[in-house]
Amino acid sequence: MEILKTEIAKNKVPNHIAIIMDGNGRWAQSKGQPRIFGHKNGVNSVREVIEGCGEIGINYLTLYAFSTENWKRPKIEVKTLMSLLVSSLKKELKSLQKNNIKLNTIGNLNDLPEKAQKELSEVIKKTENNTALTLTLALSYGSRDEIVNVIKNLSKKVVNNELGVEEINENVINNHLYTFSLPDVDFLIRTSGEKRISNFLLWQIAYAELYFTDTFWPDFRKEHLFNAILEYQNRERRFGKTSEQIEKINE
Ligand code: FPP
């Protein structure tokens, strides 16, 4: 594993990694266990990935922890996921501080149980001056919903003469998204073999490299992350330009 890590070019790591943590339920069921067992073990993978990101100097990590659609799951599963969130925040605060990690959230936080809202705002406040890694949890998040909100907010500003229609550009939209303080996503990982985006960061992944692995989330370890990043580093990101133009820039 240490060898794997040294193969990573530190000056070419993605600035912002986003992960769709999928396969907790199937992982548990394959072991004859209830789905919740998968979520509990998924927390270990969250810890591993955060640690791994710290070790190689990733600046932004965004995790799809709960989508707007996840509210439709059985009540008991939703309840357990929420209490897992609260207990993990309580347990991990010390280590977030020690590792200089800043917690951030995106999504409709008002939908969350009060206890979760309270715990989140406490940890966000306590870690707000940390500078190494910004960890963003997407909670009750849906990308279309986010875009609808942007359009509503911009429309209000136009109606109130605070903004002209001609002034609306990509920057203005960026600044009204939940992710206004984050850079574009460079690298999107989805575990468990599904090859979908599932309403996650649709605007923000415009130029992201996509990576799909069959590994279920609870099995995902640092070595999986490092392997994914090595593949990222072997890809050529052209942003609409030609290979020749990119080679010139890199010369
Ligand atoms: C997807 O697997 C996973 C989720 C919906 C929740 C992810 C939550 C965690 C890893 C734990 C809590 C998170 C934090 C940040 C403390 P799935 O249930 O959709 O799996 P399946 O597709 O196999 O059914």
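Quick look at the values:
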| read-out | value |
| --- | --- |
| Among 217, 71, 203: highest mean-square fluctuation, GNM of the chain, C-alpha pairs under 10 Å | 71 |
| Nearby lysines by direct alpha-carbon distance to residue 156 (threshold 20 angstrom, same-chain neighbours under 8 apart not counted) | none |
| Gyration tensor (alpha-carbon) shape descriptor, the stretch 8-84, a/c threshold 1.5 | prolate |
| Likely footprinting exposure, 92, 251, 162, fewest C-beta neighbours within 10 Å first | 251, 162, 92 |
| Dipole of the chain, positive direction: furthest Cα of 87, 204, 109, with charges on the beta-carbon | 87 |
| Ranked list, fewest to most other Cβ atoms within 10 Å of each Cβ, for 165, 123 | 165, 123 |
| Candidates 225, 201, 63, ranked by Gaussian network fluctuation over the chain, Cα under 10 Å, top entry | 225 |
| 187, 180 arranged by Cβ crowding within 10 Å, fewest neighbours leading | 180, 187 |
| Residue-averaged [θ]222 nm for the chain, counting only DSSP H segments that reach four residues, each worth -39500 (n - 2.57) | -15000 deg cm²/dmol |
| Equivalent-ellipsoid semi-axes of the chain, from the Cα gyration tensor, Å, largest first | 28, 26, 18 |
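Read the figures in this text as sums done on the coordinates, not as results from a lab. Computed from a predicted model, the values in this text were never measured in an experiment. Positions of Cβ are generated from backbone atoms using ideal geometry, with glycine treated the same way; all protein chains shown enter the neighbour counts.
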